[in-house]
Amino acid sequence: MKIKDIIYNTPEITEEKLLEFINLSIPMIKRNNSLMNRIIYLHRGKDLAQAFLDEYDAIQDKKSYLTKQQRDIVTGFVGLCMIKMVKADGSGSKDTVGNIPEIENSGNDSNIGE
């Protein structure tokens, strides 16, 4: 799914906010010099965070010139930034079993498992 589609379908994600999270997380990926050099080369003149988003879309369109390993890193990195952003939106979600609300019983348990 392309970034624009994800942003459209997820109201807590905005492109500006995602770019901020990518900028904050770039030091985590900077140690991969070959990937960083390739992204910078392919997206000359663009901000590094925007280059990652553009490359993510190129990967989704199957028009990327990165290796499979590099594509996997970019996809995982942008996905991680999206998850961090959604968790930081103030919802307090910690993705633990204790936070999952119980489903109210409708009173018709006889059909369970059938």
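A few comments on the model shown:
- The helices (runs of 4 or more DSSP H) found entirely in region 24-114 that carry 3 or more residues being at pLDDT below 90 are 68-87.
- Pairs where the first residue, in region 74-86, is free of Cβ contacts under 8 Å to residues at least 24 places away in the same chain and the second is of a type in the set (Phe, Trp, Tyr) and surrounded by 16 or more Cβ atoms within 10 Å (Cβ to Cβ), C-beta under 9 Å, 6+ apart: THR75/TYR56; GLY79/TYR56
- Subset of region 22-67 that is of a type in the set (Lys, Arg) and more than 23 Å from ASP5 (Cα to Cα) - its residue that is surrounded by the most Cβ atoms within 10 Å (Cβ to Cβ): ARG38
- Residues located in region 11-21, provided they are surrounded by 13 or more Cβ atoms within 10 Å (Cβ to Cβ) and assigned to a loop (DSSP other than H, G, I, E, B): GLU12, ILE13
- Test for ARG71: is it surrounded by fewer than 18 Cβ atoms within 10 Å (Cβ to Cβ) and either free of Cβ contacts under 8 Å to residues at least 24 places away in the same chain or over 13 Å from the mean Cα position of the chain (by Cα) (or both): no
- From the options TYR56, TYR41, TYR65, residue that is among the hydroxyl-bearing types (Ser, Thr, Tyr) and in contact with a Leu (Cβ under 8 Å, 6 or more places away or on another chain): TYR65
The values are calculated or read from the model by the stated rules, or taken from the named source; none is laboratory data. This one's a predicted model, so the numbers in the text were calculated from it and none came from an experiment. Please note: Cβ atoms are built from the backbone with ideal geometry, for glycine as well, and neighbour counts cover all protein chains shown.
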